[in-house]
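Read the structure below first, then the notes.
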């Protein structure tokens, strides 16, 4: 058996610092793929969330870091950026031998490595479709992360959807702007399409169903096609037709430029979060 196959098939111990939505998405995926709940530890300070994890996955979450973390081969940091440092300083003595996977927006790996006393750090930026197994996640690994470490991280992230690696950590700020915040942009357009449909006489339910189905179908078509989006758009935009009228209106209002400016604002904020919460 190859080392890759062995990594994919064997059970491993994993710990989550934070038990919210993203942690739950990964935990659910791991359990569906056959990892026993007894191999999963969670540190979660909120009693309501601990009770939910216990009901949903038959876990026994901890309120504070304890000796149980010592067995973790991989620790997933699924907490808010502003609480990362304090949580890391509490857990670091139990997790020195683990690989660390951070899903916290903005916190740079230099800070994470410093707080945890470990260079085995991977940063990733998932998005909320991970909750239904349709996530898109980008990952960055520090130099000390081995190919075997990467395989384990890929196995874990693979439970939530698709993923890719980036070679430069600063690219994660762009990822945050594009796919991390991206679902909100889709929901924003769904909202506008639903309101427009209702204003044109459809029921709100009919308009929303049409809008969601259109996004799903167009995304599937784009994924299946080798052609760039501008060609796909041109194929459904006959000059003088209805789609042409809509696209012309959007271009006259500079919607593309405004949307690009919005993504740059998101990227700038991601960098600010790193500056604000990532100091040593």
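The values are calculated or read from the model by the stated rules, or taken from the named source; none is laboratory data. These numbers come from a predicted model, not from an experiment. Quick reminder, even Gly has a Cβ in these numbers, built from the backbone with ideal geometry, and neighbours come from all protein chains shown.
Summary table
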quantity: Number of the exception - residue 168 against (1) loosely packed, with under 13 Cβ neighbours inside 10 Å; (2) under 30 Å from residue 123 (Cβ atoms); (3) in contact with a helix residue (DSSP H, G or I) (Cβ under 9 Å, 6 or more places away or on another chain); calculated: (3)
quantity: Residues of segment 87-106 satisfying the condition of being in a loop (DSSP other than H, G, I, E, B), at pLDDT 90 or above and within 20 Å of the chain's Cα centre (by Cα); calculated: 103
quantity: Hey, residue 34 part of a loop (DSSP other than H, G, I, E, B) and within 26 Å of residue 180 (Cα to Cα) or not; calculated: no
quantity: Meets criteria (in contact (Cβ under 8 Å) with a residue 40 or more places away in the chain, closer than 30 Å to residue 216 by Cβ, touching a helix residue (DSSP H, G or I) at 6+ places or on another chain (Cβ under 6 Å) and outside any helix (DSSP H, G or I)) for residue 138; calculated: yes
quantity: Any chance residue 129 is surrounded by fewer than 23 Cβ atoms within 10 Å (Cβ to Cβ) and part of a helix (DSSP H, G or I); calculated: yes
quantity: Residue check for residue 69: at pLDDT 95 or above and either in contact with a helix residue (DSSP H, G or I) (Cβ under 9 Å, 6 or more places away or on another chain) or more than 21 Å from residue 116 (Cβ to Cβ) (or both); calculated: no
quantity: The one condition in (1) in contact with a helix residue (DSSP H, G or I) (Cβ under 8 Å, 6 or more places away or on another chain); (2) modelled with pLDDT of 95 or more that residue 29 fails to fulfil; calculated: (2)
quantity: Residue match in segment 243-260 (condition: assigned to a helix (DSSP H, G or I), closer than 30 Å to residue 109 by Cβ and touching a helix residue (DSSP H, G or I) at 6+ places or on another chain (Cβ under 7 Å)); calculated: no
quantity: Any hit, segment 46-64, residues being assigned to a helix (DSSP H, G or I) and closer than 24 Å to residue 119 by Cβ; calculated: no
quantity: Residue that is surrounded by the fewest Cβ atoms within 10 Å (Cβ to Cβ), among those in segment 141-157 that are in contact (Cβ under 8 Å) with a residue 24 or more places away in the chain and closer than 17 Å to residue 22 by Cβ; calculated: 155
quantity: Residue in segment 199-213 that is nearest to the chain's Cα centre (by Cα), counting only those that are without any contact (Cβ under 8 Å) to a residue 12 or more places away in the chain and surrounded by 13 or more Cβ atoms within 10 Å (Cβ to Cβ); calculated: 209
quantity: Selection count where residues are assigned to a helix (DSSP H, G or I) and either within 30 Å of residue 12 (Cα to Cα) or under 12 Å from the mean Cα position of the chain (by Cα) (or both), scope segment 178-198; calculated: 5
